[in-house]
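Notes for the one structure printed next.
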Amino acid sequence: MVGDDARGLGQQSGPRPVTVEQTVERTLGHIRALDPDDRPGGSTLTLEDLYRQHRMRLVRLAVLLVDDAATAEDVVQEAFTGLYRNWSGLRDGAAAVGYLRTAVVNGSRSVLRRRKTAREYQPPHMINARSAESLAMLTAEHQAVVAALGQLPPRQREVLVLRYYGGMSEAEIAESTGISRGTVKSTASRALDALQKIIKT
């Protein structure tokens with residue numbers, strides 16, 4: 001009888017609400033699905049192969065971090081230039097992809113630091129400021145999530161973007177960002193709390 005009552009209450013209250021984490025995961029997973037599979041192949045990959053297979057995803061990663069398509073292109077180009085300079089010291093394709101991700105994160109951080117120093121950086125207010133190619137197919141709900149991500153502090157945004165768009169583990173995020181796994185976890189938690197408040201306002 002209690003079970004029937006509980007089921008009845010559940011039916012009256014409607015479907016279980018979606019958490020902010022599920023919303024972020026759905027949005028960034030949708031953007032990630034726009035890209036071809038970019039898993040590193042192995043040591044036989046050439047620099048040209050890496051550029052062709054990973055460039056677009058890295059540009060989208062940078063766009064999500066710096067909110068500007070042209071700047072994101074510059075960050076990714078610089079990352080590939082650095083990879084070219086360090087090519088002989090890399091073990092394999094996976095190491096090269098890791099290098100590129102870290103370089104994009106660091107390059108994006110440098111951009112944001114310069115903006116802050118120059119007092120030119122404003123949180124994005126319009127989706128049009130972003131790459132049309134990256135976001136043209138997004139629903140209004142997904143666009144709202146991406147805009148909310150842009151209002152987070154840079155480190156919080158980095159962690160969520162690397163986790164849910166980059167598909168990276170806590171350990172991989174820690175390695176790419178130079179922070180501990182514990183800090184990754186606590187930063188993600190604070191970021192999701194902050195997003196919840198932004199989305200609700």
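No value in this document is a laboratory result; all are computed from the given coordinates. Values in this document were obtained by computation on a predicted structure and should not be read as measured data. Reconstructed Cβ throughout: ideal geometry from the backbone, glycine too, with neighbour counts over all protein chains shown.
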Computed E for Thr19/Thr46 - FRET, C-beta separation, R0 45 angstrom, nearest 0.05: 0.60
Quickly work out the Ala171-to-Ser186 label distance, labels modelled 7 Å from Cα along the C-beta direction, and quote it in nm with one decimal. 2.2
How high is the FRET efficiency from Ala70 to His30, r the C-beta distance, R0 35 Å, rounded to 0.05? 0.90
Simple spin-label estimate for Lys116 and Ala94 in nanometres, 7 Å along Cα-Cβ: 3.4
